[in-house]
Structures are given as C-alpha cells and as structure tokens.
Amino acid sequence: MEPSIFSRKEQGPNKQQMPFRGLAIWLLLLALFLTTFQIFSQRQEKYHTIAYSPDLIQLVEKNRIKNCEVIMEVSGLQYIRGETLDVDEATGKPRKFKVDVPVTDDLIKMLRDKNVSFQFKTQNPYLWQVLSGAVPFLLVLGLLYFLFVRQMKLAGKGAMSFGKSRARLMTRDKNTITFEDVAGVDEAKDEVQEIIEFLKDPKRFQKLGGRIPKGVLLVGPPGTGKTLLAKAIAGEAQVPFFSISGSDFVEMFVGVGASRVRDMFEQGKKNAPCIIFIDEIDAVGRSRFSGIGGGHDEREQTLNALLVEMDGFDTQEGVIIIAATNRPDVLDQALLRPGRFDRQIVVDLPGLEGREAILKIHSRRVKLATNADLRRVARGTPGFSGADLSNLINEAALLAARRGAEGIEHKDLEEARDKVRWGRERRSRILDDKEKKLTAYHESGHAIVLQLVGDTEPLHKVTIIPRGASLGSTMQLPEKDRYTESQRKLISMITGLMGGRSAEELVFGDVTTGASSDLRQASHIARMMVCEWGMSPALGPQSFGEREELLFLGREVSRSQEFSEETARKIDEEVTRIIRECHARAVDILKTHRDRLDMMAQLLIERETLDGRDVADIVEHGRLLSEVERTEQDEKKDAAEKEEPSNRKPIDIAPHPMPQS
C-alpha cells in the first residue's frame, strides 16, 4: 500500500505519480470504448454501392428512396448514401445504398423535383482514421506497461510490490486522539512530553545542543494502552503517524522484510517530522544467535536492516521511532542499546485513580444510570488493564440493553466485572443433587477458612453456579492495590486454598478432582516462598530461583547447577511442609466451626449465591442478619472505632506441627 503524502510534500515524486496512473487508466478505458464503438458501428453501417445510372435514377423515378444524405468530405470527395423502401432479406431492414457521384445542381434539382428527402453533411474522415488506427496500439502499450514495465520498476523492491512498506499513514487531520483520551499512564505521558515538544519546536532543543531520543520503547502488559499512547503522542504533536506491525515485515520471499524496513524509513524521511510506530516489535526483533534451536535467516536479515537504519538516520530530520512490546526480555541487546532505543517507558497496569479515569473515558459513549458508581467499580477491579475496563463497560451496556433498561445501572457493572474476571454464568450446566451438595461444601470450606484465617482479601461472593470452567467460585476483591505480600498473608492464602479439599475430607470422607486448580495455585505459592522469596526457616534468606531460559533466546543451554542435590531435596521438603501445615490448619478451622460449614452449605444449595456480608453474618452470628440488624452492627462498629482503636489481635497462623502418619 502506498500512502498519500502529507500536504507539505505535494510536489514530491509520489504525489506526481498518482495523477499519471489515474490518467493512464482513464485513457485506456476511453481507447477500449472507442474500439468497441468502431467495431459495432462498422458492423451496423453496411452500404451497398450502386451506380448513378441507371440504379439511382430508377430509384428516384420510382420514388423508392426513403431518405438520403449528400456527403461532402473535407478532402473533396463527394457521394450520396441513404435508405430505400425495399427491405433487405438478410437483415429485414431497409436496404442501404451508396453512390459515388459528384454533387451537381442537376442532381440536386432531380431530387427536389421528385420530393426526395435529403440533407447535406460534411465530415472529416482523417481524424476518425487516426483514432481507429491508434486505439489498438494504445491498448497494446497499456497492457505491456501494467504487465511488464511496472513490475520491472518494482523488481528492486520485491516482485509484485512485496518490497513496499505496509506502514499505514495517519495524517494530522485524521488522527484525533490526544492525551485527553488516555488515562492511567500519567508517568508515561510525562516521559514522552519532551518528544512532543521537540516535534513541535525542534530548534528549541537544537540550539542548546540537546539530542532527542531516536527511539522510544513502550513496555508493559497487554491491553495497557501502548498503541493508544503512541497515537496520542502524534495527535498532540500534530505530525503524521506511520503505524506498522512487526509481523508485517516478514514474508515468504527472501529479502522482503529488509526491503520493507528501508522503504518505511524512506517514507518517514519524506514526511518528516513524523512518528513511526512499530507494534509488537518482538515479532522481528528477537535475539539472534539461536544456538540449538536454529534461526530464521529472513527474520535476522530484517532485524539487521532495522538496526542499520536506526543507527544511520539522524533525529534532526524529525523522525521518531516508537515501538511497543510486552516481551522486552526476548529482544536483541543491539536493538536496546542507546542510539537506537534510547529510552524504555513502562506502561504498567493502572492504579485506582487511573482505573476510575479510564472508566470515565469509556463511559462517555454509553448512558449511565444515576446509581452507577464508577469509583466503586474501580476499587473492585485491581489488576484490570485498560482493555479489560473497556470490555467491562461494553459488557455492562449489553447486559442493560438485554433487559431493556434506560441506562447502565450499578448491578450491570458488577455483573460485567464478574463476567470479565471469572467468566460468564453457565446455568445450562445442570448439576444433580449429589454434585450440588459436594460443590456447596467445597465452596463453603473456602469461604469459612478465608473468613477466619485473617490477613486475606475481603470476600465478594460465594456461588455454586458454574461460571467459566469451574462448578463453583469463591470470589475475593482486594480493597486496594498491593505491590508486596507478607509471609503471613501468603500462608493465609494457601490455607484458604486448602479449605475446599479439607471440607470434602471432613464431610464426605473422600476427595474429588475439583480441587486440582486449588492445589496447583497452592503449590506455586509455596515454591515461590521457598525458592524466590527466602521464606523458609530451614533454608534461610536465600534465592534458588534459577529461571529456565528458552532456547530461541540464544542463552547458554548447559549450565552448572547452582545448588546441590541435597539442597533440592530440602526445597521439596519445605514446599511439602508448608502445604501440609496449611492443610492441617484448614481442617482444624472447619472442625471447630462445623455447624457454620453445614449452615452455609445448606444456604448455598437453597440460594445458589451468597455475598461477602452473608458469609460474615454466618461466621460471626451463626445466622443471616436482617438489614436493620446489619445497620445497627455497622453503627456500633463505627462508634467503637471512634472512641478507642481496636486492640483485636489477628488470628495466629503460626505453622502447626505436621500430623504424624
């Protein structure tokens, strides 16, 4: 695709090629039309040549002429042609005749005396002859141009225009995205502000000797708005914006990727100042020297061309390279060095304020009800990216439209959040009474242990309605964003994960496969505690987290083991000890509160879903409180907190001795 050039470059070579190609196409169409018209007109206009005497005289005498024309050509040639009243047997139409005779006064007097209808007509046959002879020639030349000459011109850039860059140009009048449309990445916006100032006023930096970064690498998880931020930079600076994906460089033809890289930079220089944005650059910028795994020569040639072009051009020309990736660890080190990508900007998941701002931006195009609380939704969506929040608003709009509401209410936002985070409810999956009872006790075990163990996130909802891939769910929603976790909280998380399996053992005397996901998460947390975070008393504050590198990254395949077999055995023992102690703790909690377990399981079977406040009422009071009682409890707690700070100690979760076999 050849994008149109920016308005300041109207006199450039690419701008002149477009009218010529369009004119050539119209000329070929005109020539084809004339040729077709000539062929059909020649087939239709068939005149039988007759003699002046006696044929024409007899036709005039007998009044058999319907009409005729007296032709007087520019060359001096004169003749008469017309139609008779006789019908041609072959065509069924009036017979046409032609008489090559000089037009004299006697001839005109004879036609008038016999009341023959005629008219004088002058024509130039030379122009028609030239056109009829040139049309086939033009058609042949046009076919040769489009089939051979044009492809030969592009042969140096790849056959059939494969070597042309596929970068899509978005000019300043089309790019309407600014920083007002971007939220949750305030630090990233501050870092790119000087790039915008440079594109607006390059001389301000050049007179001080400053050099703007040649390339900016946006790094962050998927959906955090890296592409949107790059478009906003171009929109703020009011410069052309070239956008291309890393996968667009590599094709089945050898050398195409390198050719596209060169063509992309050429287009950027012609449209300077501008921004070239390469999305998912890890598709073409992976590390070289692949070792055992082998390499892709075409991809490496494309990467080499990219390295050379980025090192060869000067930012004084006003071309800024912005790339985005969520895998910076796989990029080649030569690509990340200063002089190519001078700056790496982390576009991380938004915090509470950022999530609220993103929700406000996406809610501009929908109709919210008065009870929709975006602040509360933002508090309940930690870990959501900008794409997740956009999907949440869209799902809420669909839910509200499905039930015919006038606007999106808060319950629609809550249901949409649960759907995005945990999956959609699958009420079509019908459980029999035995499986429903088993699931109810399993989820009740999770909920009671999490409520009593302390140092865990607040419970949001407990349900036995299948959602996503699970038969039931115990959902927690963090009150705030957390960036570190304590050992006490990690132990509580593992204990809560073991609550479901513990409830199955306690009530049914058997275990099922329903705890597979819980066991996998618990094992992962326990191993990270021992190997990564140094939370094992037996091994001490030491890290054993040697990461296994992938072969295609080009790292060394064979390494000396950093710890002995004896240490590996101790690691396994510590992981097993942590999980077993947490399991024993969960069993003790459920044995102590067996009546609460039975009550909650029965309520789940009846109601299918309980919220976090219901779980708290069952654990603390042994029953569900009414709304009036809950209001009184809240007032008493608020008054107690104002009078005297709470001295309640957290539940002791110190490791219990491992049960003897």
At 1.4 Å probe size, what's the solvent-accessible area of Lys367? Round to the nearest 10 Å².
130 Å²
Rounded to the nearest percent, how much of the accessible area of region 65-114 (1.4 Å probe, protein heavy atoms only) is carbon and sulfur?
48 percent
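Would you mind telling me the share, in percent, of accessible area of region 346-435 contributed by carbon and sulfur at probe 1.4 angstrom?
Details: 2310 of 4960 Å².
Answer for region 346-435 is 47 percent, counting heavy atoms of protein chains only.
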Leaving ligands, DNA and RNA out of it, report the carbon-plus-sulfur percent of the accessible area of region 436-538 at a 1.4 Å probe.
51 percent
Given backbone amide H placed at 1.01 Å from N, residues whose amide H is under 5 Å from that of Arg467, ignoring those fewer than 5 places away on the same chain, are Arg426, Gly472
Rel. contact order, % - alpha carbon contacts under 8 angstrom, at least six apart, region 360-490:
23 percent
What are the ³J(HN,Hα) values, in whole Hz, obtained from phi via the Karplus relation 6.51 cos²θ - 1.76 cosθ + 1.60 with θ = phi - 60°, for each residue of region 238-244 in sequence order, with x given for Gly and Pro?
6, 10, x, 10, 8, 10, 8
Could you compute how much accessible surface Lys109 exposes when probed at 1.4 Å, giving the result in Å² to the nearest 10?
120 Å²
Find out how many positive minus negative residues lie around Lys367, taking Lys and Arg as positive, Asp and Glu as negative, among other residues whose Cβ is under 12 Å from that of Lys367.
-1
What does the accessible area per residue of region 321-438 come to in Å², with a 1.4 Å probe and no ligands, DNA or RNA counted?
51 Å²
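The values are calculated or read from the model by the stated rules, or taken from the named source; none is laboratory data. The structure presented is a predicted model; accordingly, all values stated were derived computationally and were not measured. Every residue, glycine as well, gets a Cβ built from its backbone with ideal geometry; the counts of neighbours run over all protein chains shown. Protein only, heavy atoms only, side chains kept; ligands, DNA and RNA dropped before computing areas. Shrake-Rupley method; radii C 1.70, N 1.55, O 1.52, S 1.80 Å.
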